[in-house]
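Accompanying notes for the structure given below.
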Amino acid sequence: MTEAHKIHTVMVSVLREKKFDRLVVKRFEGKCYLTIIIEGKTYVFADHAGLKKEYRHVWQITDWLESAFNIRAEKVSVETINA
C-alpha cells in the first residue's frame, strides 16, 4: 500500500467516524476542494494516488458526504478564495 493510499484510507476513516474539527469546501478558480480540519491542521481530501479531488460544484461534495458518511450539508462551510 502506497503512502498516498494510506493517507486516503485515514481521511475516509476520519469522515466515517466524524473525528474532524471542521469540514470546509474551498472554491478556487471554478473548482471546489474538500478540506478536513483535524486538531487544527488542514488536509485536502485526496484520492488513492494522492491527487487532490476536484469538483465543479459544492453540492457534489455535500451530496457525497451525506450519502457516504451521513454528514449533513449544514455541517460543511464554504469559502471562496479569490486569486
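May I ask you to say which residue of Arg16, Arg27 is out of contact with any Ser or Thr (no Cβ under 9 Å at 6 or more places or on another chain), basic (Lys, Arg) and either part of a helix (DSSP H, G or I) or at negative phi (or both)?
Working: Arg27 fails: out of contact with any Ser or Thr (no Cβ under 9 Å at 6 or more places or on another chain).
Only one candidate qualifies: Arg16.
Can you tell me which residue within the stretch 28-62, out of those that are among the charged types (D, E, K, R) and under 12 Å from the mean Cα position of the chain (by Cα), is nearest to Lys6 (Cα to Cα)?
Asp47
What is the number of the single condition among (1) more than 12 Å from the chain's Cα centre (by Cα); (2) surrounded by 14 or more Cβ atoms within 10 Å (Cβ to Cβ); (3) assigned to a loop (DSSP other than H, G, I, E, B) that Met1 does not meet?
Result: Met1 passes all but (2).
I'd like the full set of residues that are in contact (Cβ under 8 Å) with a residue 24 or more places away in the chain and over 14 Å from Phe20 (Cβ atoms), limited to the stretch 32-50.
Across the stretch 32-50, the qualifying residues are Cys32, Ala46, Asp47, His48, Ala49, Gly50.
If you go through the stretch 63-83 one residue at a time, how many are assigned to a loop (DSSP other than H, G, I, E, B) and either under 13 Å from the mean Cα position of the chain (by Cα) or free of Cβ contacts under 8 Å to residues at least 24 places away in the same chain (or both)?
4
Any read-out appearing in this document is the output of simple, stated calculations on the displayed coordinates, not a laboratory observation. What you see is a predicted model; the values in this text were computed from it and never measured. Glycine gets a Cβ as well: all are built from the backbone with ideal geometry, and neighbour counts include every protein chain shown.
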